[in-house]
Amino acid sequence: MPRPPFEVLEHTADAGIVAHARTLEELFANAAAGMFSLMADLGGVRQAEQRDIDIEARDREALLVRWLTELLYYLDAEEMLFSRFDVDEATDTRLRARAYGERIDPRRHRLHFGVKAVTRHMLEVAPENGGYRAQVLFDI
Amino acid sequence: MAASWKEILQKIDDWRWLLPKEYKAGMRVPGLIFASEEMLGVIGQDQALEQVANVAFLPGIVNYSMAMPDIHWGYGFPIGGVAAMRVEDGVVSPGGVGFDINCGTRVLRTNLTEEELRPHLKELVNQLFRDIPSGIGGHGLVKASMKEIDEVMVEGARWALAQGYAWPEDVESMESGGALKGANPDKVSQRAKQRGMPQLGTLGSGNHFLEIQVIDTVFDREKADAMGIQGPGQVLVFIHTGSRGLGHQTCTDYLEVMEEAAQKYKIELPDKQLACAPISSKEGQDYLGAMTAAANFAFCNRQLIAHWTRQAFERVLGRDARDDLGMHLVYDVAHNIAKIERHRLSGREMTLCVHRKGATRAFPPGHPDVPARYQRTGQPVLVPGDMGRYSYICTGTQQAMTETWGSTCHGAGRVQSRHAAKRMLQGVDIAQRLAERGIYVRAQNRGLLAEEASEAYKDVAQVVDVLHEAGIADRVTRMRPIGVIKG
């Protein structure tokens, strides 16, 4: 059976996700979808606006934290909910991607709790069955 | 993980447990856990005690890595952890403060009784739900410019006072007067400011709340009196929120800085999330300046929410918030913060950086940092429980000052993860269940209420009892909720 793109990771105070993918590009996209699915039902989020993201970090783990934090920035500063992530390039230290979504509309969107931040506790990006696995815990 | 914590911990008395330094190579001091034997069973179920041991690795830590009875598994530091580092050779760790810098609580008193308020309760809760932005994407009613955000970060609640969102006496009843000294907004990133800008005056989500509560028990009449609390049936307002995206981004930014700093200063860490730098280093000083700035933003945030709370009461009840309803601030206290404080250890005075991660300051009667009106009682400590049971107000003690750097618990502490709570309460309409008990709840998403239900939390009464018995905090009063707003 194929691995799901992401699963929810349980933690007493907070929540996290474990993402699986065949490529690093897909892994970063799945992790982002996992994080936003904790915050809203993504089925109802239209892909009306696009944000381009181009970031660098010193390693894969730091890159994952930066990528997800960058998306939280748009959530807080511009009230953007994203439901699709196209990662064009992901290396160990650089990521270029496009995130698609729309401004939050509490009447239309089914919202859950907000993610405050991406923690480094139990953070992991590692090879798995010829692909990759990422584990990340959020502060709720 | 350890086979059985009960075999590792050494019982000191009914409320204190020692985690010996020998438990893990690298611990500089032992751990000290405040808990009853019964609570220890729950505490030992996840990684919280391992995290108490990990905090003991940090350079400059003095005496103990401490944990309050509401301790639970955090990220890096346990939530409910207290650790003090010597300023001369110790470190400061953003993880020891948390992402939600100066997450904290405040309580407003009123002259209202439950009986008087009941007929208006639904209307009032609905009004508060409309007026106080909550949940994901809730933007504040104050449109602050970038320049004003910088002012907020220096002046804290005093900025709100200057803008007409506070009463002059409000700022006298807050930890550090609602404005910590040493804030350096230049050390807060543009991104952090942009995240915080639309969120000034918003509640947020997760465990943040605004509750209308009623006094159900008074344990100490004299102390309650000093707080304007007369007795059972009196209505109070309890607010729990922090520094929103501004604080979250500031912590995120500095964890990155500290990860490099820890390597640069050759600090060995058992968990990346404990990243830190010497207090005296540039990285340490920059973080303290930024953290303090974010903390002041949080004081202002809670003040704005209190302002709109007063307005909502006025609107619904048609009575003046000050002269008629007497909606004075009892106190405002931080429970995610690091502060430079003077303390005594074995008769010697020293300057320490006290990290309180999910722990509240609890200064005793007579302490110079306690407001004049509480000089005889000790500093009020506001301890939220869960939305189905009760919350407490306590006061700080001399024992806390000598044993825990003037610190105590911050709440109930979770026992169930969000998903476990949701699974357990599947099909249960929490809002309906609370309504049957006279508690009216409004939330952005009713389905999420299960995650914040009583079953997800420890009984805060047990937490407070341990600290009362241990002499760390004195119980003053207990409140039960009648109206709840959840983000």
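Readers should treat all values here as calculations from the given coordinates under stated rules, not as data from a laboratory. Bear in mind the structure is a predicted one, so any value in this text is a computation, not a measurement. Here the Cβ positions follow ideal geometry from the backbone for every residue, glycine too, while neighbour counts run over all protein chains shown.
Each residue of the stretch B:122-138 was assigned a 3J(HN,Hα) from its phi angle through the Karplus expression (A = 6.51, B = -1.76, C = 1.60, θ = phi - 60°), giving 4, 4, 5, 4, 5, 4, 4, 5, 6, 7, 10, x, 9, x, 5, x, x Hz with x at Gly and Pro. By the count of other C-beta atoms within 10 Å, a proxy for reagent exposure, B:Glu256, A:Glu89 are ordered fewest to most as A:Glu89, B:Glu256. Counting beta carbons within 10 Å around each of B:Lys486, B:Lys264 and listing the fewest first gives the order B:Lys264, B:Lys486.
Here the stretch B:376-487 is treated as a sphere whose radius is the Kirkwood value from Cα pairs; by Stokes-Einstein at 10 °C and 1.306 mPa s it diffuses with a coefficient of 105 µm²/s. Once backbone amide H atoms are built at 1.01 Å from N, A:Leu9 has A:Gly16, A:Ile17, A:Val18 as its partners under 5 Å, excluding neighbours fewer than 5 places away on the same chain.
Note down the magnitude of the dipole of chain B about its Cα centre, charges +1 on Lys and Arg C-beta and -1 on Asp and Glu C-beta and zero elsewhere, to the nearest 20 debye.
It works out to roughly 600 debye.
What is the stretch B:323-420 by shape, rounded, prolate or oblate, if you read a ≥ b ≥ c off the alpha carbon gyration tensor as root eigenvalues and call it rounded for a/c under 1.5, prolate for a/b larger than b/c, and oblate otherwise?
On the way: a/c = 2.37, a/b = 1.22, b/c = 1.94.
Oblate, because a/c is 1.5 or more while a/b does not exceed b/c.
Listing A:Val118, B:Val55 from fewest to most neighbouring C-beta atoms within 10 Å gives A:Val118, B:Val55. Between amide H atoms placed 1.01 Å from N, distances below 5 Å from B:Ser65 occur with B:Gly31, B:Leu32, all of them 5 or more places distant or on a separate chain. The helix-only estimate of mean residue ellipticity at 222 nm for chain B, built from DSSP H runs of length n ≥ 4 each weighted as -39500 (n - 2.57), is -9000 deg cm²/dmol after division by the residue total.
Scaled to the globular estimate 2.2 N^0.38 Å, the Cα spread of the stretch B:431-487, given as radius of gyration, is 1.39.
Among the GluC sites (Glu not before Pro) in the stretch B:39-123, those located in a DSSP loop and surrounded by at most 13 other Cβ atoms within 10 Å of their own Cβ are B:Glu88.
The mean number of Cβ atoms from other chains found within 10 Å of a Cβ in peptide B:128-138 is 4, as a whole number. Starting from a Cα-only point model with no solvent, please compute log10 I(q)/I(0) by Debye for the stretch B:64-199 at q = 0.22 1/Å. Those come out to -1.41, one per q.
When a/c reaches 1.5 or more, the comparison of a/b and b/c decides; with that in mind, is the stretch B:1-50 rounded, prolate or oblate per its Cα gyration tensor? Judged from the Cα gyration tensor, the stretch B:1-50 comes out oblate (a/c at least 1.5, b/c at or above a/b). Bridgeable lysines around B:Lys11 (alpha carbons under 29 Å apart, same-chain partners fewer than 8 residues away excluded): B:Lys21, B:Lys24, B:Lys357, B:Lys458.
Would you mind getting the Kirkwood hydrodynamic radius of the stretch B:2-151 from its Cα pairs, rounded to one decimal in Å?
Details: mean 1/r = 0.0530 Å⁻¹.
About 18.9 Å, per the Kirkwood formula over Cα pairs.
Its Cα gyration tensor gives the protein assembly as shown an equivalent ellipsoid. The semi-axes, each the square root of 5 times an eigenvalue, are 34, 30, 24 Å from largest down. Taking Cα centroids, how far is the stretch A:69-136 from the stretch B:1-62 in Å? So the two Cα centres are separated by 35 Å. Find how many whole Å separate the alpha carbon centroid of the stretch B:366-435 from the alpha carbon centroid of the stretch A:25-40. Measuring centre to centre over Cα atoms gives 34 Å. From the Cα gyration tensor of the stretch B:174-221, with a ≥ b ≥ c the square roots of its eigenvalues, which class applies: rounded if a/c is under 1.5, or else prolate if a/b is larger than b/c, or else oblate? Judged from the Cα gyration tensor, the stretch B:174-221 comes out oblate (a/c at least 1.5, b/c at or above a/b). Here is the P(r) of the stretch B:144-278: all C-alpha pair distances, binned every 5 Å from 0, give 2, 8, 12, 15, 16, 14, 11, 9, 7, 4, 1, 0 in whole percents.
Computed 3J(HN,Hα) for the stretch A:73-90, one whole-Hz value per residue from the Karplus formula 6.51 cos²θ - 1.76 cosθ + 1.60 where θ = phi - 60°, is 4, 5, 5, 6, 6, 10, 6, 8, 9, 9, 10, 9, 10, 10, 8, 7, 8, 9, glycine and proline marked x. When all alpha-carbon pairs of the stretch B:229-305 are counted, what percent fall beyond 21 Å? In whole percent, the share of Cα-Cα pairs in the stretch B:229-305 beyond 21 Å is 45. Using only side-chain charges placed at the Cβ, +1 for Lys and Arg and -1 for Asp and Glu, the dipole size of the stretch B:187-343 relative to its Cα centre rounds to 460 debye.
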